[in-house]
Structure formats: C-alpha cells, structure tokens
Amino acid sequence: MSDNVYGDIVTNGLWTNNQALVALLGLCPLLAVSSTAINGLGLGVATMATLTLTNLIVASIRRWILQEIRIPMFVIIIACVVTAIELLMNAHLHDLYRVLGIFVPLIVTNCAIIGRAEAFASKNNVVRSTLDGLVMGLGFALVLVFLGIIREILGYGTIFRGAELMLGPWASDLTITLASNYDGLLLAILPPGAFMALAVIIALKNKIDRVQQRRSANAVSVAVPLQSSRA
Amino acid sequence: MSDNASTSQATSPFVPSSTSVGAVMRKVIYALIPGVVLYMILFGWGIVINIILASVSALLFEAIMLMVRGRPLRMFLFDGSAVVTAILLTLALPPMLSWWIPVLGSFFAIVVAKHLYGGLGYNPFNPAMMAYAILLVSFPLQLSLWAGPLDLIAQPLTFVETLNYSLFHQLPGAMAFDSLTAATPLDYLRTQVGLGQTVEAITRAPIFGLLGGQGMEWVNSAFLLGGLWLLYMRIISWHIPVAVLASIGSISGLAYFLDPAVFANPSVHLWGGASILCAFFIATDPITASTTPLGRIIYGLGIGGLTFAIRTWGGYPDGVAFAVLLMGLVVPLLDHYTVPKVFGARTDRGNQ
C-alpha cells in the first residue's frame, strides 16, 4: 500500500495533476520564459528546487503553523527559499540569471508552489511532501523544456541554443542547428506563440488520456468483478 | 442550403431562400473581381499568383480539417467561404511574395482562426485578418516590401518571371528586388511626417495619385463599385460600410482641418490603404461582425476610429486588420447591449 502512495504521488506530479498542463498554474513564467529550451530548463530547475525545499520545510514545521496565519507563513517560507535560490543563481549562473531576469524572483508568485504547500505539504509527512515537491517541480520543468524546444525550433530553427549560459563554455557545442538558412517564425517566440504551443501540448495530453481511457474501458469489462470486490 | 440535396426534407413554411452561404460567397467573389483585375493590370502578376496559391491551399486545408472533424465535405468545401477568405488575405498581403507566405497565411486562416474555433459560423475573429496579423507579426520584413505601381517601375516582370520569383525566389538577370518595390503611400506618409516634412510636400511625391495612392486609388475605386453592387444586391447592409467610411472620413477630415501640415487629407485616408476594402468586404463578414443595426454602426465607427489612430500614432502604416480584430473582440458585448426592441415589448422594462 505504501508503495502505491509514492507511485501515486509520482504519476500525479508528472502526468495526472501536472501543474502546467492540468492545473494550469504558474502560466506567467511558463509563457514568458519558454522561448528557448535552455531558458525553460533554467527556470524549470529553479522552480523545482523551490518547490522541493518549500514542501520540505512546510511539511516539517506543519504542526507549529497556526491554521489562521498559514498563508502568510507559507509566503514567507517561499520568499526565503526563492531569495536563496536567486542569490545562488546570480553567483553561479550569472549569464542565465541575466536572461531570466525578473522571472527568477517571480517564482515567489508561482501559484503552483503555494498551491502544493497548502494542498499537500501542510497535510502530509516530510518524505511524501518532499517527493511531491520534487515530482511536481519536475513535471512543471519538463513542460517548460518541451514548450521551449517547440518554440525554439519554430522560432530560431535550433535546439539548446545558449546552452553555455547554463552549463559553461563547453556547452556551446550542444546547440543543434536544424536549418541554417532559417528566417525564423517570430510568432513562436512572441507570447501568442507560447499560448498556441501550450494549447497544442495540452490538446496532445488530453488526446493521449482519452486513448488510454478508451483502452482501459475495454479492459474494464473483463475486470469488473475484481474491481467491485476491491470497492 | 437550396443547392444541397441532403437538406431537402424541409418543413413549412416553404419559402425559397436564395441566400445560401454559397450564393452569398459567390456574389462577394464577383464583386471583388473588378478590383483584382485592375490590381493585376496596375501592379503586375503577383496578385494573381498569390490568389491562386492562397485559394488552392485554403481549399486543401479546409478539406483536411473537414475530414479530421468529420464534417460533410461537399457542403462546406464548395460554399466559397474559404476562397473569399483566401482572396481577402491575399489582397492584404504585398503582391510580390515567396509562395510559402500565402500558403502559411491560408493555414492560419483556415486551420487556426476558423476550424480550431469551431468552423464556419463559430470563429470569433475574421480569419483573413487574423492570418494577416499573424503573418505581419511573424515576417515583418517580407510583409513590408510592396511592389510599386508598374508606371513607376523601370522593368516590370512578366508572368513567368513573377512565378519564378514566387516559387524559387529568383529574379531575372541582375535585377535587384528593391527596383520592383516602392513604399506604400501610407508608409511613405508615415516616415516622412516622422522626418518633419509637411503633408502637402509629401503628397506631391509620385507614389501619390489623384485621390490616394498612385494606381491603388483605381483599385480601391473598383472595390467601391463592387461593394456598392453588394449593397444593391442586399448581400450586405449599409450600416457597417457607411459607419466605417464616415468615421475614417470625418476623423481624418477633422484632423486635417485642425493641422493640415501633420495630418493627411481625408481622401488619402479613404482611398489609400485598405479603407474601402475593409468597409465593404472585410468588416461586413457576417460571422464576426455585429448583427444588430445599432451594433453594426458602433462596430463600423470603432473600426474607422481605430484605423485612423493606428495609421497616425501606431506602429504600422495601415491599421485595418488590427482595428477589425480589436472590434471583433467587442462584438459579443455590442450584440448584447444593442438588441433591438421586439415589436410589442413593454417599454418600461424593455431595456433590461
């Protein structure tokens, strides 16, 4: 049974309740920063770290947080973590930090983070909450990177441009140029392109879900007695 | 609907209706023909090639989307709406373009702006203008290079040479693309006013003609005739065209009256750019325009005012597309608040 709980947390975070695709939380950074894969990865990792740490902290002190002032407490915790991460990025990934600009401190306002603190970390133990923060952040980061890849291919005709911002000078070789003589679809880099690409990804996810549902519906007709006995 | 066998199981009253979508769209196409022919004569073959490219690809995308969505192919594919969209989109684009720009425009118009929103009758934005706006934002360079009127060009291209440019991006010999293009009157006006020239001096440039832009004024006059024919045939009502032209004319007239050195005279605004095409063909789109008489007048006034504002203070030389799209956003509100009183309704609470 306990295996199942952790498995549920993982599938929830990565797929069923993906913060970007299902809950549609934190769209502001998602849409603003995902113009390239590396930008998306940078902000995605920062968000993931924040989410993991805040869930960890909130879960470990949840017994001492007064119910009436829990939201301000969460905000203070999140703000402290984000400030620490921002200073770390400024020190170690300065170029990327300059590209992401205001969106790193704005992680504070990402509703996915306070949402997980309120909905999960304040009600579950430390291990589960930390795992939840990690996979929720991972799900968010994966969408951010995927969106970044789509927009970058359409907008610049490359993948992983500017990788050196994150990984150091050697990583400039990582940039894959798909079309060297490409004018670029400016729309993909502008905000409307982000909305369209996100809509396409959500539609794709819903389609996959529906196909799976149809398949499992076919399977259920055989497994009905088993399910009813479990209930 | 009259030309569709599958809807013949009608109930009373048996009043024949001649206004099927197909019939309306055919008449709109007829009304556009004189302007398009003049455009071709005065500006070269590019417009014809673009219309063919855009129409064929629009029909193709329409067919694909109808098949994907499981809709009856025959009924929707040949109602002409895709072709009208393609022609209007093409008329908004510069005539000398690489082939993929009109095709991509058709994709955005038919697939994104029309079918993703639910198909004919459900699209909240004018598909042609939506596609044009997307292209303009995405490819600002290609969409700002307009072929000049043939009178002003030393060596006009033949049909084959134009086709060669469209498909392979090749010009004959050592010809530079710049020798084929000219600033549009509104573009020229905009940059020169920005440089501090007076409008009177600017409009003496060869690119300006009698009423508006050299050449384009006759194309627009032909569109005006076609539009008046549509009015006469009762395909469109008078509200939107009159409101659009009246607001552009009166606002630009007032501005010209107040400061003729900075603002162009009303005829440049009316016969330049896409004002007439917009008033009769674009803003009158039955799906995305307001449907009540008062709503249509407000809609038209808004388009005219926004067009003038974007031309004068905005970031682009012409503002018709953005004006139509912006007013398209307001249409549900306009329709909600301008519902005409039903005959016999009690007046004391009729306005709630």
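Within the bounds of region B:186-205, is there any residue that is within 20 Å of residue B:40 (Cα to Cα), away from chain A (no Cβ under 14 Å), in contact with a Phe, Trp or Tyr (Cβ under 9 Å, 6 or more places away or on another chain) and not in a helix (DSSP H, G or I)? Checked against the condition, which is being within 20 Å of residue B:40 (Cα to Cα), away from chain A (no Cβ under 14 Å), in contact with a Phe, Trp or Tyr (Cβ under 9 Å, 6 or more places away or on another chain) and not in a helix (DSSP H, G or I), region B:186-205 yields no hits at all.
If I filter region B:299-315 for residues that are outside the structural domain of residue B:89 (by TED's automatic domain parsing), part of a loop (DSSP other than H, G, I, E, B) and within 28 Å of residue B:185 (Cβ to Cβ), do I get at least one hit? Spell out the reasoning first.
Start the filter on region B:299-315 by keeping residues that are outside the structural domain of residue B:89 (by TED's automatic domain parsing), which leaves B:299-315.
Filter again for part of a loop (DSSP other than H, G, I, E, B), leaving B:314-315.
Retained after the next criterion (residues that are within 28 Å of residue B:185 (Cβ to Cβ)): B:314-315.
Yes; the residues of region B:299-315 include at least one that is outside the structural domain of residue B:89 (by TED's automatic domain parsing), part of a loop (DSSP other than H, G, I, E, B) and within 28 Å of residue B:185 (Cβ to Cβ).
So, of the residues in region B:136-158 that are within 14 Å of chain A (Cβ to nearest Cβ) and either in a loop (DSSP other than H, G, I, E, B) or among the charged types (D, E, K, R) (or both), which turns out to be surrounded by the most Cβ atoms within 10 Å (Cβ to Cβ)? Within region B:136-158, the match that is surrounded by the most Cβ atoms within 10 Å (Cβ to Cβ) is B:139. Of the residues that make up region B:119-133, is at least one free of Cβ contacts under 8 Å to residues at least 12 places away in the same chain and either in contact with a Ser or Thr (Cβ under 6 Å, 6 or more places away or on another chain) or within 14 Å of chain A (Cβ to nearest Cβ) (or both)? Checked against the condition, which is being free of Cβ contacts under 8 Å to residues at least 12 places away in the same chain and either in contact with a Ser or Thr (Cβ under 6 Å, 6 or more places away or on another chain) or within 14 Å of chain A (Cβ to nearest Cβ) (or both), region B:119-133 yields no hits at all. Just name the residue that is nearest to residue B:221 (Cα to Cα) out of those in region B:268-286 that are at pLDDT below 90 and buried (at least 18 other Cβ atoms within 10 Å of the Cβ). That would be B:271. Residue-level check: of (1) farther than 30 Å from residue B:69 by Cα; (2) touching a residue at least 24 places away in the same chain (Cβ under 8 Å), residue B:115 misses just (1). The helices (runs of 4 or more DSSP H) located wholly in region A:1-107 that include 2 or more residues which are touching a residue at least 40 places away in the same chain (Cβ under 8 Å), under 16 Å from the mean Cα position of the chain (by Cα) and surrounded by 14 or more Cβ atoms within 10 Å (Cβ to Cβ) occupy A:2-11, A:27-33, A:37-60.
What tally of residues in region A:137-150 results from selecting those that are farther than 17 Å from residue A:28 by Cα and within 12 Å of the chain's Cα centre (by Cα)?
Residues meeting the conditions: 1.
Quick one: count up the residues across region B:288-335 that are small (Gly, Ala, Ser), touching a Ser or Thr at 6+ places or on another chain (Cβ under 6 Å) and crowded, with 21+ Cβ neighbours inside 10 Å. Before you say what the answer is, go through the steps one by one.
First, pick out the residues of region B:288-335 that are small (Gly, Ala, Ser): B:289-290, B:295, B:300, B:302, B:304-305, B:309, B:314-315, B:319, B:321, B:323, B:328.
Still in the list and also touching a Ser or Thr at 6+ places or on another chain (Cβ under 6 Å): B:295, B:304-305, B:319, B:323, B:328.
Add one more test, that the residue is crowded, with 21+ Cβ neighbours inside 10 Å, and what stays is B:295, B:304, B:319, B:323, B:328.
Total satisfying the criteria: 5.
On the given criteria, is residue B:75 assigned to a helix (DSSP H, G or I), touching a residue at least 60 places away in the same chain (Cβ under 8 Å), surrounded by fewer than 23 Cβ atoms within 10 Å (Cβ to Cβ) and away from chain A (no Cβ under 14 Å)? Yes; evaluated as a whole, the condition is true for this residue.
Screening region B:159-179 for residues that are away from every other protein chain (no Cβ under 14 Å) and either in contact with a Gly (Cβ under 7 Å, 6 or more places away or on another chain) or touching a residue at least 24 places away in the same chain (Cβ under 8 Å) (or both) and picking the one that is farthest from residue B:273 (Cα to Cα) gives B:167.
Just to verify a result, which residue in region A:166-180, among those that are in contact (Cβ under 8 Å) with a residue 12 or more places away in the chain and loosely packed, with under 15 Cβ neighbours inside 10 Å, is nearest to the other protein chains (Cβ to nearest Cβ)?
As a first pass, look at region A:166-180 and keep what is in contact (Cβ under 8 Å) with a residue 12 or more places away in the chain: A:166, A:174-180.
Within this subset, residues satisfying the condition of being loosely packed, with under 15 Cβ neighbours inside 10 Å are A:176-180.
Values: A:176: 23, A:177: 20, A:178: 17, A:179: 13, A:180: 16 Å.
Ranking the candidates gives A:179 first.
Being touching a residue at least 12 places away in the same chain (Cβ under 8 Å), within 14 Å of chain B (Cβ to nearest Cβ) and buried (at least 20 other Cβ atoms within 10 Å of the Cβ) is the requirement here; does residue A:156 meet it?
On the way: touching a residue at least 12 places away in the same chain (Cβ under 8 Å): yes; within 14 Å of chain B (Cβ to nearest Cβ): yes; buried (at least 20 other Cβ atoms within 10 Å of the Cβ): yes.
For residue A:156, the condition - touching a residue at least 12 places away in the same chain (Cβ under 8 Å), within 14 Å of chain B (Cβ to nearest Cβ) and buried (at least 20 other Cβ atoms within 10 Å of the Cβ) - is met.
Restricting B:42, B:53, B:32 to residues that are at pLDDT 85 or above, within 28 Å of the chain's Cα centre (by Cα) and under 12 Å from residue B:91 (Cα atoms) narrows the list to B:32. May I ask you to list the residues in region B:265-292 that are within 24 Å of residue B:84 (Cα to Cα) and in a helix (DSSP H, G or I)? The answer is B:270, B:271, B:275, B:276, B:277, B:278, B:279, B:280, B:281, B:282. The C-beta contact set for region B:26-37 (first residue surrounded by fewer than 23 Cβ atoms within 10 Å (Cβ to Cβ), second residue of a type in the set (D, E, K, R), distance under 8 angstrom, 6+ apart or interchain) is empty. Listed conditions (1) under 22 Å from the mean Cα position of the chain (by Cα); (2) within 26 Å of residue A:51 (Cβ to Cβ); (3) part of a helix (DSSP H, G or I) are all met by residue A:153, apart from (2).
Residues being more than 9 Å from every other protein chain (Cβ to nearest Cβ) and either more than 13 Å from residue A:150 (Cα to Cα) or touching a strand residue (DSSP E or B) at 6+ places or on another chain (Cβ under 8 Å) (or both): count how many of those fall in region A:181-219. Break it down into steps so the answer makes sense when it comes.
First pass over region A:181-219, keeping only residues more than 9 Å from every other protein chain (Cβ to nearest Cβ): A:181-182, A:189, A:191, A:194-195, A:197-198, A:200-219.
From what is left, the residues that are either more than 13 Å from residue A:150 (Cα to Cα) or touching a strand residue (DSSP E or B) at 6+ places or on another chain (Cβ under 8 Å) (or both) are A:181-182, A:191, A:202-219.
Residues meeting the conditions: 21.
The values are calculated or read from the model by the stated rules, or taken from the named source; none is laboratory data. Since this is a predicted model, take the numbers as computed values, not measurements. Cβ: placed from backbone, ideal geometry, glycine included. Neighbour counts: every protein chain shown.
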